[in-house]
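Here's the structure, in structure tokens; my notes come after.
What follows draws every value from the coordinates through simple rules; no lab data is involved. Values in this document were obtained by computation on a predicted structure and should not be read as measured data. Note that we place each Cβ from the backbone using ideal geometry, even for glycine, and neighbour counts take in every protein chain shown.
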Amino acid sequence: MFKKIVGVTVISLTIHNVFSANYSDARNIAMGGVGVATSRGHGALLSNPALLATEEKYQLTLPTVGIQLSDKHHLIDDLKSIKSKVDKYDENRFNDVNAAKTLAGELASILETIKNQNKAAYLNIGAAASMIFPGPENTYRIGFLVKSQADVAVHPTITEGDLRLASGIASGNIPPINFESTISSEARGLAVWMTDFGLSLARSFEIKDKRLQVGITPKMQMIKTFNYAVNINQYKTKDFKLNQYLSQHNKFNLDLGIAAELTEQLTVGLVGKNLLKNNLETKAIHDKSFTYQIAPVFSTGAAYRWKQLTAALDVDITPTKAFSNQKDSQYVGFGAEWEASHWAKLRAGYRMDTKHSKPNIVTAGIGFHTGSVFKLDMAGMFSAKNNLGAVLQMSYTF
């Protein structure tokens, strides 16, 4: 059983690693995930549609791709260790009972740690493309956005019976029996794949010599939820059919943002994303179903520009929800961009989850602007708790 848990879990994560991430603007990510008051072009369509109002040129962004893997408590290492110990246990349970007892004790210790720490691993992948159409002054700017992202979470469920079994074998109270025919723990994979098709409209107004920008993004969302569990009594490779675990939903939603230039250097912003709440049920697998929650998220931000330096701060006012069995996240991010030359911009930042459900991350990146047409932006993110990610973006201005 545990060999199947490890195999399916690690394979599912490494397969998705080939693709890209849910963070869909390289500049914003490199600056700590900010964007409510500092986004430009493609980033404005993602972070605050109001900032689209200042765009003066046509812009095509194609593609933006990225990936982030988070394994805060080293779950993947634990699963690999479980597989190794189960293999050695199978080799020794007839020929070397004492060695089998030792391995069972080590296995019980790992299982206890996974259970007590409620370990999980997360993967975020995605891609985006956009087109921006500027207009004359005091008219609407228009932007089209296609964004596709997938969030994958793996949660092992360790049963008390399995802990007693491994501990009993280790103590000699239970003979070294075959794990595969008795253990009932499972690894459950939950995933959501969401594709947004958005049309953004933005306009700026002059109020008492201050510029106020307003933007809105109505969008259609194609959402697929995936609930898959590996169980010793029911798992068979030949029985796997995608539709058995997949649910599909089509929803309408809305983003709304405002931004104000208080001075030539200081901009503040407020944005609400996914203003229409939706609860989406997965299929019931092994008598368990989950709810994927799309709820409004409100964020505020400020950006200050001084010569070649831009600094920004974003704060989530409300939490971001996910599946009903997962903790909420609520972020604070800050970062800076330094225009080192007319063709290179250096960026760095920090992003923390105030709910402590995801690891805090350090971000960095660079932007190459070759001439006035082509831009290449790259970003990386990492933390001391097995959290890594990267974003690559290419855009063209006309």
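Taking Cα atoms, how many degrees apart are the long axis of helix 75-92 and the longest axis of the chain, rounded to 10 and kept between 0 and 90?
With both axes taken from Cα atoms, the answer is about 20 degrees.
Counting pairwise Cα distances across the range 129-191, what percent come out greater than 13 angstrom? Show your work: numbers first, answer last.
On the way: 1485 of 1953 pairs.
So the portion of pairs separated by more than 13 Å is 76 percent.
GNM, the chain, Cα, under 10 Å: largest mean-square fluctuation among Q330, Q149, Q265?
Maximum among the listed residues: Q265.
What does the convex hull of the alpha-carbon atoms of the range 281-389 project to on average, in nm²? Let's see the in-between values first.
Working: hull surface 38.7 nm².
If you wrap the Cα atoms of the range 281-389 in a convex hull and average its projections, you get 9.7 nm².
Tell me the mean residue ellipticity at 222 nm calculated for the chain from its helices only (DSSP H runs of n ≥ 4, each -39500 (n - 2.57), averaged over every residue, nearest 500). Show your work: numbers first, answer last.
Numbers: 7 runs with 82 residues, N = 398.
Counting only the DSSP helices, I get -6500 deg cm²/dmol.
Run the numbers for V362 and K327: contour at 0.36 nm per residue of separation, minus the present Cα-Cα distance, in nm.
Details: separation 35, 0.36 × 35 = 12.60 nm, distance 2.15 nm.
Taking 0.36 nm per residue and subtracting the Cα distance, the gain is 10.5 nm.
Counting Lys +1, Arg +1, Asp -1, Glu -1, what net charge surrounds M220 among other residues with beta carbon under 13 Å of its beta carbon?
Summing Lys/Arg as +1 and Asp/Glu as -1 gives +1.
Would you mind ranking R93, R203, R141 so that the residue whose beta carbon has the fewest other beta carbons within 10 Å leads the list? Please report the intermediate quantities before stating the final value.
Values: R93 20, R203 17, R141 23.
The fewest-first ordering by Cβ neighbours comes to R203, R93, R141.
Dividing the convex hull volume of the Cα atoms of the range 40-165 by its residue count, what figure in Å³ per residue is obtained? Could you put the intermediate results ahead of the total?
Working: hull volume 15.0 nm³, N = 126.
So the per-residue hull volume is 119 Å³.
Can you tell me the 0 to 90 degree angle between the C-alpha axis of helix 97-117 and the longest principal axis of the chain, rounded to 10?
30
Which pairs in the list K115/K385; K224/K385; K147/K210; K57/K345 are over 24 Å apart, alpha-carbon to alpha-carbon? Walk me through the numbers before you get to the answer.
Details: K115/K385 19 Å; K224/K385 29 Å; K147/K210 33 Å; K57/K345 20 Å.
Distance filter (> 24 Å) returns K224/K385; K147/K210.
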